[in-house]
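Structure record follows, encoded as structure tokens.
The values are calculated or read from the model by the stated rules, or taken from the named source; none is laboratory data. Treat the numbers as computed from the prediction; the structure is a model and nothing was measured. Glycine also receives a Cβ, built like all others from the backbone with ideal geometry; neighbour counts cover every protein chain displayed. These area figures cover heavy atoms from the full protein model, side chains too; ligands, DNA and RNA do not enter into them. Shrake-Rupley method; radii C 1.70, N 1.55, O 1.52, S 1.80 Å.
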Amino acid sequence: MNLEWDEFFVTGEPLIYAADVSIVLTTIAIIFVLTYFKKWKWLWREWLTTVDHKKIGIMYIFAALLMLFRAGVDALLMRAQLTVPNSKILEGQHYNEIFTTHGTIMIIFMAMPFLIGLINFVVPLQIGARDVAYPFLNAVSFWTFFMGAMLFNISFIIGGSPSAGWTSYVPLAGDELSPDPGQNFYLIGLQIAGIGTLLTGINFLVTILKMRAPGMTWMRMPMFTWSTLITMILIIFAFPVLTVALALMTFDRLFGSHFFTLADGGLPMLWANLFWIWGHPEVYIVILPAFGIFSEIISTFARKTLFGYKAMVWSIVAIAGLSFVVWVHHFFTMGANAAVNSFFSITTMMIAIPTGVKIFNWLFTLYKGRIKMTTAMLWSLAFIPNFTIGGVTGVMLAMAAADYQYHNTYFLVAHFHYVLISGTVFACFAGLFFWYPKMFGYKLNERLGKWGFWFFMIGFNVTFFPMYFLGLAGMPRRIYTYEWADGWFNLNVVASIGGVGMAIGFVLLVYNIYWSFRHAERENEGDPWDGRTLEWSTPTPVPFYNFAITPTVKGLDAYIIMKKDREQQEKTYKPIHMPSYSGLPIIMSAAFFISGFGLVFKWWWIAIIGLIGVLVTLVLRSFDYDEGYYVQVEEIERIENAYK
């Protein structure tokens, strides 16, 4: 691909220049701080080469918060553009790029990594394990996700962002209508990040199957662990479909094949089918762990065992199974016959049954509970009515005949934001407040947390509830402007005001993290919420080996039982085997990034150099005979005594 310098760098927009300056200044500031405080070696030794699931989890969450900021700014720009008719804040192409990157980042680079971060930190602790089954692979997962995310995000300043929507429907995403490199960033960035997600699926499936503490039978697993287990199965079955679809479109764009083209026998609808065969399970990949998080929090702060535990488990299984047979409801209007649309209408509506079961389970858990109204609990309680609104409107969309009216309108935009923000983003915030003391040894400030909650939650409803009516009034999605005569001005103003409220809520969350880092009191007991599951049985901060002695589980809510038993057992420590840290995962992922960058611009020599780097690291790993090390009893005693 032959590009001039002014085509290589994105130019011409004041917003882009401002972003360039902020990126340069931030980079200089980071380098200065690390150099001034002599933290480069610490950064490499403690974080960049770590295979500790807890540190990897924290890095996932940190990266996800950065992506939430990026996608949030995109959303505010969209709201600014749509507030008044005939606005000139953004040109049409720029608007298309922003709504494409907003959707892609929120789903792929924010929601999933945030949840995977919480899973990384919490699940091995919940099941009484000392680490995940494949610690090295876990580091590869994180770094491939991170490099994929960075490759996608640099399109903002280099080459230009993708503009065909996060669904990338062809022929719009094809080489003829999107000839610039933006769509290549989408394809290669998602492909590299997808490697990490698939490896995570395998890793945590094996971890939960094989590394549970003695006594932790299937029906004694915490609900978050159950939801993680089912989510990992969804990932293993769904992500290969996305991998193949992305590869086929990459072949079309880079090598001139015709899998999805209009000419030479290609099938554009094949992309739509493959995308949504992955895409709808993907919705549940980011929802089911959220269900697990809410279950843990509601049970803890209602101070009751989760009502209908077995029904909830089977509901998760049913939702996961049904998620693979509903994908056509995303394009009822494509022209399929009545029988096909009826089948997918019924399967879609059936998902409401197990979901409704779970709603009632949470409500009955709250019934007669001694409820403690923490920030994490507020997020969990707010989830129930807001998610129900999203679910009910989802049933409306599931009716194929009615969908012809709602399709491609803001009604749909309101629906999926009610599902995904109240379902997933609320869960991320709830989980962050809930497990933050275990991660960092101190709580986030509750007063600031509640202020942030109310701003965000009210802002969310003020933003998206009017969109149902905008959709019913005929406002199509994906438009970048409209006329005064359309009559959509008032509701768009209201929605934009709500967006500002959500932004204030996020700023308060970030300030809360800073304030708590500076002023919060240390939590020394390790159990600040009177927790019910095994992660709260560990001291804070959690030792790098998690458990000095592997716990024995005697029932559901294992830690509650331990606290009631209060058995004082003589502690006999044994040497603990732990994996060694390694720099290969980040080097391998950097090589993926280099290769991907070359492919984006069809600069084959760069792509080949990167690919050689990947192969070299794979060979080095194959001949790496480091089998870890043992933590000796003396060191374990020293660490454990320090917590007393």
*Of the residues in the stretch 514-536, how many are open to solvent by less than 40 Å² (accessible area, probe 1.4 Å) and farther than 20 Å from Lys372 by Cβ?*
1
*Of all residues in the stretch 319-337, which are on the phi < 0 side of the Ramachandran plot, free of Cβ contacts under 8 Å to residues at least 40 places away in the same chain and among the small types (Gly, Ala, Ser)?*
Gly321, Ala336
*Read through the list (1) of a type in the set (Phe, Trp, Tyr); (2) in contact with a Pro (Cβ under 8 Å, 6 or more places away or on another chain); (3) closer than 24 Å to Gly160 by Cβ, then give the number of the only condition that Phe9 fails.*
(2)
_Output for the stretch 174-189, where each listed residue is within 17 Å of the chain's Cα centre (by Cα) and surrounded by fewer than 24 Cβ atoms within 10 Å (Cβ to Cβ)_ = none
*Failed condition for Gly498, given (1) within 25 Å of the chain's Cα centre (by Cα); (2) modelled with pLDDT of 95 or more; (3) open to solvent by 10 Å² or more (accessible area, probe 1.4 Å), with all others met?*
(3)
*Would you mention how many residues in the stretch 537-557 are open to solvent by less than 10 Å² (accessible area, probe 1.4 Å) and among the aliphatic types (A, V, I, L, M)?*
1
*Considering only helices (runs of 4 or more DSSP H) fully contained in the stretch 376-458, which possess at least 1 residues that are under 19 Å from Ala75 (Cα atoms) and in contact (Cβ under 8 Å) with a residue 60 or more places away in the chain?*
410-420, 426-440
*Is it true that some residue in the stretch 476-484 is basic (Lys, Arg), open to solvent by less than 60 Å² (accessible area, probe 1.4 Å) and either under 12 Å from Val413 (Cα atoms) or assigned to a loop (DSSP other than H, G, I, E, B) (or both)?*
yes
*In the stretch 620-639, is there at least one residue being part of a helix (DSSP H, G or I), more than 30 Å from Thr572 (Cα to Cα) and among the aliphatic types (A, V, I, L, M)?*
yes
_Which pairs turn up if I take residues in the stretch 480-500 that are closer than 15 Å to Tyr468 by Cα and small (Gly, Ala, Ser) and look for partners that are outside any loop (DSSP other than H, G, I, E, B) and open to solvent by 60 Å² or more (accessible area, probe 1.4 Å) with beta carbon separation below 9 Å, at least 6 apart in sequence or on another chain?_
Ala495/Phe465; Ser496/Leu76; Gly498/Ile458; Gly498/Phe465
*Qualifying residues in the stretch 544-597 (those that are of a type in the set (D, E, K, R) and in a loop (DSSP other than H, G, I, E, B)) - the one nearest to Gly610 (Cα to Cα)*: Lys574
*Among helices (runs of 4 or more DSSP H) lying entirely in the stretch 90-161, which contain 3 or more residues that are surrounded by 22 or more Cβ atoms within 10 Å (Cβ to Cβ) and polar (S, T, N, Q)?*
92-104, 135-153
*For the stretch 558-571, does any single residue satisfy the condition of being in contact with a Phe, Trp or Tyr (Cβ under 9 Å, 6 or more places away or on another chain) and surrounded by fewer than 19 Cβ atoms within 10 Å (Cβ to Cβ)?*
no
*Any idea which of Gly391, Gly431, Gly449 is in contact with a Pro (Cβ under 9 Å, 6 or more places away or on another chain) and open to solvent by less than 50 Å² (accessible area, probe 1.4 Å)?*
Gly431
*Val633: under 30 Å from Tyr186 (Cβ atoms), among the hydrophobic types (A, V, I, L, M, F, W, C) and open to solvent by less than 50 Å² (accessible area, probe 1.4 Å), yes or no?*
no
*Got a number for residues in the stretch 202-215 being touching a residue at least 60 places away in the same chain (Cβ under 8 Å), more than 16 Å from Glu296 (Cβ to Cβ) and part of a helix (DSSP H, G or I)?*
6
*Any residue in the stretch 242-256 that is within 30 Å of Gly555 (Cα to Cα) and open to solvent by 10 Å² or more (accessible area, probe 1.4 Å)?*
no
*Taking the residues in the stretch 14-60 that are among the hydroxyl-bearing types (Ser, Thr, Tyr), more than 21 Å from Val123 (Cα to Cα) and at pLDDT 90 or above as candidates, determine which candidate is most open to solvent (accessible area, probe 1.4 Å).*
Tyr36
_From Leu82, Leu77, Leu68, residue being of a type outside the set (Val, Ile, Thr) and within 30 Å of Val542 (Cα to Cα)_ = Leu68
*Enumeration of residues in the stretch 277-299 that are out of contact with any Ser or Thr (no Cβ under 8 Å at 6 or more places or on another chain) and open to solvent by 10 Å² or more (accessible area, probe 1.4 Å)*: Ile277
*Restricting attention to the stretch 162-173, report how many residues are crowded, with 24+ Cβ neighbours inside 10 Å and not β-branched (Val, Ile, Thr).*
4
*Residue by residue through the stretch 331-349, note down the ones that are in contact with a helix residue (DSSP H, G or I) (Cβ under 6 Å, 6 or more places away or on another chain) and at pLDDT 90 or above.*
Asn341, Phe344, Ser345, Thr347, Thr348, Met349
*What tally of residues in the stretch 572-583 results from selecting those that are surrounded by 18 or more Cβ atoms within 10 Å (Cβ to Cβ) and either farther than 17 Å from Glu46 by Cβ or of a type in the set (Gly, Ala, Ser) (or both)?*
2
*Evaluate the following for Leu270: is it free of Cβ contacts under 8 Å to residues at least 24 places away in the same chain, of a type outside the set (Asp, Glu) and open to solvent by 20 Å² or more (accessible area, probe 1.4 Å)?*
yes
*Residues that are in contact (Cβ under 8 Å) with a residue 40 or more places away in the chain and surrounded by fewer than 12 Cβ atoms within 10 Å (Cβ to Cβ), drawn from the stretch 600-626*: Asp626
*Which condition breaks for Asn408 when tested against (1) in contact with a strand residue (DSSP E or B) (Cβ under 8 Å, 6 or more places away or on another chain); (2) of a type in the set (S, T, N, Q); (3) open to solvent by less than 20 Å² (accessible area, probe 1.4 Å)?*
(3)
